[in-house]
Amino acid sequence: GYIITGGPGAGKTTLIEALRELGFACAGESGRAILKLQNAIDGPARHDRDAALYAELMLDRDMQNHAAMQGVA
């Protein structure tokens with residue numbers, strides 16, 4: 001497996017979407033998903049509000065994604 005990382009605006013989402021279209025199994029971006037949900041509920045788990053909680057939720061989601069992707073070719 002591969003991990004794609006980079007700063008905001010580096011093209012991670014574009015690359016992941018292109019790989020997905022080519023048939024590669026891809027996990028979504030944890031940070032983006034968490035921010036979307038936290039913004040929808042005006043939640044505290046954002047890098048500009050509670051960075052520690054945001055990081056904890058990202059780690060949790062990344063661990064779930066890692067477990068889900070085990071054995072996926």
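Summary of values
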| item | result |
| --- | --- |
| Cβ pairs under 8 Å, 6+ apart, first in the range 29-43 and open to solvent by 40 Å² or more (accessible area, probe 1.4 Å), second among the small types (Gly, Ala, Ser) | 37/43 |
| Number of the condition not met by residue 54 [criteria: (1) touching a helix residue (DSSP H, G or I) at 6+ places or on another chain (Cβ under 7 Å); (2) without any contact (Cβ under 8 Å) to a residue 24 or more places away in the chain; (3) open to solvent by 50 Å² or more (accessible area, probe 1.4 Å); (4) not small (Gly, Ala, Ser)] | (3) |
| Filter pass, residue 18 being open to solvent by less than 80 Å² (accessible area, probe 1.4 Å), modelled with pLDDT of 90 or more, closer than 18 Å to residue 2 by Cβ and more than 14 Å from the chain's Cα centre (by Cα) | yes |
| Close pairs (9 angstrom Cβ cut-off, 6 or more residues apart or separate chains): hydroxyl-bearing (Ser, Thr, Tyr) in the range 1-16, open to solvent by less than 40 Å² (accessible area, probe 1.4 Å) anywhere | 5/12 |
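The values are calculated or read from the model by the stated rules, or taken from the named source; none is laboratory data. Keep in mind that what you see is a predicted model, and the values were worked out from it rather than measured. Note: ideal-geometry Cβ built from the backbone for every residue, glycine included; neighbour counts use all protein chains shown. Protein only, heavy atoms only, side chains kept; ligands, DNA and RNA dropped before computing areas. Shrake-Rupley method; radii C 1.70, N 1.55, O 1.52, S 1.80 Å.
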